[in-house]
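The values are calculated or read from the model by the stated rules, or taken from the named source; none is laboratory data. Computed from a prediction, not measured in an experiment: that's the story for all the values here. Note: ideal-geometry Cβ built from the backbone for every residue, glycine included; neighbour counts use all protein chains shown.
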Amino acid sequence: MQIDNLAILKNCVRLATLPSVLLCAAWLSGCATPPTPRDYSAFKQAKPTSVLVLPPINDTPDPQATASVFAQLTYPLAEAGFYVLPVSLVDETLRANGSQSPAEVHQIAPAKLREVFGADCVLYVAIKRYGSVYKVLASETAVTLEAKLVDLRSNQMLWSGTATASSAEQGGSSQGGIVGLLLKAVIEQIANNLSERSHPMAGIASQRLLGAGRPNGMLYGPRSPLYAAQP
């Protein structure tokens, strides 16, 4: 059942008594539930130092998505203080062992990944959105990523998260009326296709997903000066 907060406030004003206004304000503030803090106990107990990043699974129609995102996942993890196996080494090793597609790679047993790469944990990533969409009065380029970090020694999930980056965040002017908006959308769509704006959006989404120090985000690794100070 949906509750009309505006109607509640109007009723409070109509009552015009301080206790009733305070009661309504307290009720409305209780409706805004803050996000539940993440449980990092497994992450802290595992104390991972090295991360194996697997090629992301591409759930979008853009064939360039996997390569674009894969190339940009290691940087925020390294900045967070983890040793991250080089992308080229991981890709060549997987191919040499007969694993071709990301879907096949994600099915490899954790024990086998641990045996081959020697990493403490593995990062599984899925690309849920990648590319530009034309929307009559606007054109948007967006990338959405989902990830989970799994301990290769215990097969326990240590962390999971999702992040999105969009060109729509930059905003824009609406001057020029409907014709101006239509023309702007067409020009943006052409520019998106010519300059491949999805790639920098993938970098921003990767940073938001894996950058340490964010609410409910990744923890700092042992190579970071902030590692010992984090709660």
If I ask for residues that are outside any strand (DSSP E or B) and without any contact (Cβ under 8 Å) to a residue 12 or more places away in the chain, which ones from region 102-153 would you list? 104, 107, 108, 109, 112, 115
For region 43-57, which residues satisfy the criterion of being small (Gly, Ala, Ser) and either part of a helix (DSSP H, G or I) or crowded, with 21+ Cβ neighbours inside 10 Å (or both)? 46
Of everything in region 78-101, what is more than 23 Å from the chain's Cα centre (by Cα), among the hydroxyl-bearing types (Ser, Thr, Tyr) and outside any helix (DSSP H, G or I)? Give them in sequence order. 99
Selection status of residue 212, at pLDDT 80 or above, in a helix (DSSP H, G or I) and either small (Gly, Ala, Ser) or surrounded by 19 or more Cβ atoms within 10 Å (Cβ to Cβ) (or both): no
For region 173-196, check the following and say yes or no: at least one residue is under 19 Å from the mean Cα position of the chain (by Cα) and either modelled with pLDDT of 95 or more or surrounded by fewer than 20 Cβ atoms within 10 Å (Cβ to Cβ) (or both). no
